[in-house]
Each structure stands twice: as structure tokens, then as C-alpha cells.
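The values are calculated or read from the model by the stated rules, or taken from the named source; none is laboratory data. What you are looking at is a predicted structure, and each value in this text was computed from that prediction instead of being measured. Quick reminder, even Gly has a Cβ in these numbers, built from the backbone with ideal geometry, and neighbours come from all protein chains shown. Heavy atoms of the whole protein, side chains included, go into the accessibility calculation; ligands, DNA and RNA do not. Shrake-Rupley method; radii C 1.70, N 1.55, O 1.52, S 1.80 Å.
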Amino acid sequence: MTLSRRQFLVLVPAAAAAWQYVLAGTPQDAPNYQLTDHWWGMLLDITKCIGCGNCVRACQAENDVPDEYFRTWVERYLRTDWDLTTPEVISPDGGKEGFPTAEEVKNGMYFFVPKMCNHCADSPCTQVCPVGATFITPDGVVLIDQTYCLGCAYCVQACPYGCRYIHPTKHVADKCTLCYHRITKGLTTACCENCPTGARQLVDLKNPNDPIHAFLKTHDVHVLKPEMATGAKAFYNGLDGSVR
Amino acid sequence: MKTFRDSEHLLRFALLFAIVFVLFLVVRHFVVPRSFGEYGHYRGAAIAEIAARPIHFAGQSACETCHTDIAATKKAGMHAGVHCEACHGPLASHAANPASVQPPKLDTAVLCVRCHAASAAKPKNFPQVAAAQHSGGLACETCHHPHSPAIQGGGAK
């Protein structure tokens, strides 16, 4: 078979393009875990949170989160009756060792708000990444490919919930993975595992038997900053309007 | 057959373009990770890599596999919803190797108070005590068994 120069020049790029797909091979999947069967989120019940800090400690132990950095943290709000929009918020060391004793207030109320990555369906953080190092998985978890991240911190600025940080020693972006290494093994997240009051519940919206479906029908559940249309999947029960 | 006059220089440009294009494909092939674009604009293999990270908390069901007696006590009491590792700490290494890794001893003076210290910030229906006045300096477990803390429920030691 003889090839003219013209045919050769057409065939070489075509073969190179095809070779890409040959080398890519077939993707390896975990045997019992199907990415398309799940759509993960979390339910955070403010009416049950006691501010013990178990979730913060558990998260740090499970994920080797450096000191003074937080993938999840707890805030204590004091909202007075005089000003419903500017509450007094404290979070000493992320609420890791609990909170100082609060005295009863006459005209106002205290409550705890656990915060974490909202694993947004339309996340601003994944949209700004210039290299494709952060993304939402087919099962609805926002993750960071730390071998690919440049540490430019665009995503840290883009997150409206302040849930990302640059890791002090790895110098790449870091955040809550929704304990992806646990939920893909059939376990719950470290924070849910250690919450003594059940204020945190891992939810799988694609599971028709998940109690979240009944809960959302019967409770007043909100997400943080709904006006930003991030598609947040951290559902808050009993969320006060003063929470930002 | 010549469609255009002096088309030689056009062919040379075409050849140059083709060489650069092939070079681009070759470089791209080596620079872009294999799984990039598998699920979207990111490295698909990263999902499996993150999923393969080691766990530190074994999970409630792992504890209950061996500690059936304590699991039964706990289920009947007020602490039924509190998972073992919420107090005992991360023990996946103990679950994997029960003989060699022993859980650390716990201090109830720290643990009980963490949740049950009285504070106006906590939900009103959550049981709370001002520890100093409540026990008069006695350790919590003098009266309350941590696995089933109600005294009238046979929880007292």
C-alpha cells in the first residue's frame, strides 16, 4: 500500500487523535458504588445543635485538618429583639472546645449554627478554577484535585460561605470533602458520626427512602444565601433570618 | 494539474501547519492526564484517589459487631443516639486490629460537661446541669453510667 504525502498528512493527526482514546482505557469504578446513584447533601438542625464542638474535632481527626483551619465550624449567634439583622456572632477556635457559658438574655435569643461546605450544585468555586482542579462529582460532592491545584486561591475568594482555605503546608486549596472517602464506603461523615444530638444528618437526595424527603415536606428548611443561586445542599432546619 | 498559479508557497504553509498541529497533539497527549475530561473539565481519576483516603472513625456498626453487650445497654438508655466514637474518639485502627490497639481511658469530668454544662445558648429541652452545684465535686460516673445515664433506669453503678 502506498500513501501519498497528502494522505499521510491527513492520517497522522487522525491517528494521534484516536490514540488518545485508546490510551485512556476504560474507567475504573468502585465495585459497589455507582456515582450516578447518589446526590449527596447534609441536613443541619439548628434546633438540636448544642455547640459541643464534637463535629469540629471529629473533622480535624478524620481529615488531618491543620490547627486553626476548619472544614467545619460552629458559630454561636446572639440575636437581640432590637436588631434582627445584625446578630452578635462568636466562634472561639471554630467552636472546637465548646463555647463560654451564656447567661439568659431577656430580649433576644441564642442559637448555634454549624457551618461547612454547602456542596453547591452550581458552585461559584468550581466555576472560577482556571485549571479544572476543583469540580462537582457526578454524585454531587465538590472536591479538590490537590495534585492539580495551583494554589491561586480564586476559589477561596469565590466561595460565598467562606468554606475554603489554602493549606498552610501543602499550599493548595483545601475544604470539606463531605468525607468522600467514607460515604463511598457506606459510612456516614465524621461530623455526623460524632454529633451526639443528631443535629447533622448526611442525606442522599437520590435515595427515595432517605428520611430527608419526609423531613423537607414537614419542616421549615432553608439554605444559606439562597439569593446567590448556588444550589446549596446544606439544608438548615430552624434557620433564623439573621444568619449569613 | 494546477488550479492556481504559484501554489507552491501555499503547500509549504500547509505542511508547516500540519507539522505544528501534530506537534501540538503529541505535546497535549503527554501533558494532559489520561482521565481528564472523563466526567467533566477535571481529572476523573481524582475522584477515586480521594475516595481511597484512609478512614479514622470506624463507625457505629463496626463497634457493635464485637461490643454487643454495650450496644444493647446503650440502645435502651438516653444515649442511644450517641455513637461510640463520639466519646471514645477515632478508633478505626482498633476496629482493624482489636488486640494491639487499645482505646484510651476517658475522663468523664471533661466529656460529660462538654455536652451537659448548663448554658442559655443550648436548646431548652436538652438536659443541662451546672456541674459544680449538681454533683458537689463528685465524678459524674459515681451516679450516672455513661452508656445508660438515667439513674432510675438502673443506670447507677
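At a glance:
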| item | result |
| --- | --- |
| Accessible surface of segment B:106-157 [probe 1.4 Å, protein heavy atoms]: carbon and sulfur percent | 63 |
| Rg(Cα)/(2.2 N^0.38 Å) for segment B:8-51, N = residue count | 1.81 |
| Among A:LYS206, A:LYS115, A:LYS170: highest mean-square fluctuation, GNM of chain A, C-alpha pairs under 10 Å | A:LYS170 |
| Over segment A:67-152, volume per residue of the alpha carbon convex hull, in Å³ | 144 |
| Carbon + sulfur, % of accessible area of segment A:38-164 - ligands and nucleic acids excluded, 1.4 Å | 52 |
| Qualifying lysines (Cα of each under 20 Å from Cα of B:LYS75; at least 8 residues distant if same chain) | A:LYS48, B:LYS157 |
| Sequence of B:ILE70, A:ILE50 when ordered by accessible area, the most exposed leading, probe 1.4 angstrom | B:ILE70, A:ILE50 |
| Most mobile of A:ASP83, A:ASP204, A:ASP174 in a GNM of chain A (Cα contacts under 10 Å) | A:ASP83 |
| Accessible carbon and sulfur surface of segment B:8-51 relative to its total accessible area, %, 1.4 Å | 76 |
| Surface/4 of the Cα convex hull for chain B, nm² | 20.2 |
| Stokes-Einstein translational diffusion, segment A:106-211 - Kirkwood Rh over all Cα pairs, 0.692 mPa s, 37 °C, in µm²/s | 213 |
| Values of log10 I(q)/I(0), in the order q = 0.16, 0.20, 0.21 Å⁻¹, for segment A:152-244 under a Debye, Cα-only, solvent-free model | -0.89, -1.25, -1.31 |
| Inter-centroid distance (Cα atoms) of segment A:107-178 relative to segment A:202-233, Å | 19 |
| Label-point separation, A:ASP220 to B:SER100 (7 Å along Cα→Cβ), nm | 5.5 |
| Interface burial for A against B (accessible surface, 1.4 Å probe, total of both chains, Å², rounded to 100) | 4100 |
| Residue-normalised accessible area of chain A, given per residue in Å² at a 1.4 Å probe | 48 |
| Solution diffusion estimate, µm²/s, Stokes-Einstein, segment B:55-104, Kirkwood Rh from C-alpha pairs, 4 °C, viscosity 1.567 mPa s | 116 |
| 4 °C / 1.567 mPa s Stokes-Einstein diffusion coefficient of the protein assembly as shown, Kirkwood radius on C-alpha pairs, µm²/s | 53 |
| Helix axis angle, B:8-31 relative to chain B longest principal axis, alpha carbon, degrees | 20 |
| CD proxy at 222 nm, helix term only [per DSSP H run n ≥ 4: -39500 (n - 2.57); per residue of chain A; nearest 500] | -6000 deg cm²/dmol |
| Tilt relative to chain A, helix A:5-24 - C-alpha long axis, 0 to 90 degrees, to 10 | 40 |
| Members of segment B:71-110 that become less accessible by 30 Å² or more once partner protein chains are added (1.4 angstrom probe, chain alone as reference) | B:VAL82, B:HIS83, B:ALA86 |
